[in-house]
Amino acid sequence: QVQLVESGGDLVQPGGSLRLSCAASGVHISIYLMGWYRQAPGKQRELVAAFTSRSTTIYADSVKGRFTISRDNAKNTVYLQMNSLKPEDTAVYYCNGYPSPRASWGQGTQVTVSS
């Protein structure tokens with residue numbers, strides 16, 4: 001059974017940085033294209049960043065130049081480095097397959113950007 005566990009969320013001030021982690025079990029992340037998604041209160045879940053191949057990535061316009069997706073195959077983990085955080089980045093962040101989910105959605109990790 002594929003399981004994805006997100007971590008690294010926190011309360012951070014505007015302009016701050018966080019690195020989110022997504023640890024996979026039951027499957028090796030090299031098999032799938034992976035992405036990070038987020039859902040803010042009252043809004044639909046949206047794609048933030050994803051691998052479109054082993055070496056190419058895409059980003060939502062709202063995070064381009066600030067967020068970076070990466071992965072460590074040896075650790076079976078996908079990361080999201082988030083810099084220059086803004087209040088509008090506040091959301092629960094999830095990882096899953098791209099373009100389609102490959103596992104049940106986990107609990108996600110809460111990111112709150114506030115002064």
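In order along the range 79-90, the Karplus-derived 3J(HN,Hα) couplings, from 6.51 cos²θ - 1.76 cosθ + 1.60 at θ = phi - 60°, round to 10, 9, 8, 10, 10, 6, 5, 10, x, 6, 7, 4 Hz, and Gly and Pro are given as x. Amide H to amide H, with H built 1.01 Å from N, residue 71 comes under 5 Å of 79, counting only residues 5 or more places away or on other chains. Taking the chain as a Gaussian network of alpha-carbon nodes connected by springs under 10 Å, the highest mean-square fluctuation of the residues 16, 35, 26 belongs to 26. Only beta bridges with both residues in the chain are counted; by DSSP, about 95 percent of them are antiparallel.
Listed values for the range 41-54 are Karplus-derived 3J(HN,Hα) couplings in whole Hz (6.51 cos²θ - 1.76 cosθ + 1.60, θ = phi - 60°), namely x, x, 10, 6, 5, 10, 6, 9, 7, 7, 7, 9, 7, 5, and x replaces Gly and Pro. Summing charges over all other residues whose Cβ lies under 12 Å from the Cβ of residue 38, with Lys and Arg as +1 and Asp and Glu as -1, gives -2. Positive contributions from Lys and Arg (+1) and negative ones from Asp and Glu (-1), summed over other residues with Cβ under 12 Å from the Cβ of residue 81, come out at +3. Here the dipole of the chain is about 200 debye; that uses its Cα centre as origin and unit charges on the Cβ of Lys and Arg (positive) and Asp and Glu (negative). Using +1 at the Cβ of each Lys and Arg and -1 at the Cβ of each Asp and Glu in the chain, identify which of 59, 27, 80 lies farthest towards the dipole's positive end. In the chain, that residue is 27. Pairs of alpha carbons in the range 1-55 separated by more than 17 Å make up 53% of all such pairs.
Its Cα gyration tensor gives the chain an equivalent ellipsoid, and the semi-axes of that ellipsoid, as √(5λ) in whole Å with the largest first, are 22, 14, 13. Here the Karplus relation 6.51 cos²θ - 1.76 cosθ + 1.60, evaluated at θ = phi - 60°, turns the backbone of the range 6-22 into coupling constants of 8, 7, x, x, 6, 8, 9, 6, x, x, x, 10, 8, 10, 8, 10, 10 Hz, with x for every Gly and Pro. Close amide H contacts of residue 108 (hydrogens built in the peptide plane, cut-off under 5 Å, sequence separation of 5 or more or a different chain): 6.
No value in this document is a laboratory result; all are computed from the given coordinates. Model, not experiment: these values are computed from the prediction. Methodologically, a virtual Cβ is constructed for each residue, glycine included, from the backbone with ideal geometry; neighbour enumeration extends over all protein chains shown.
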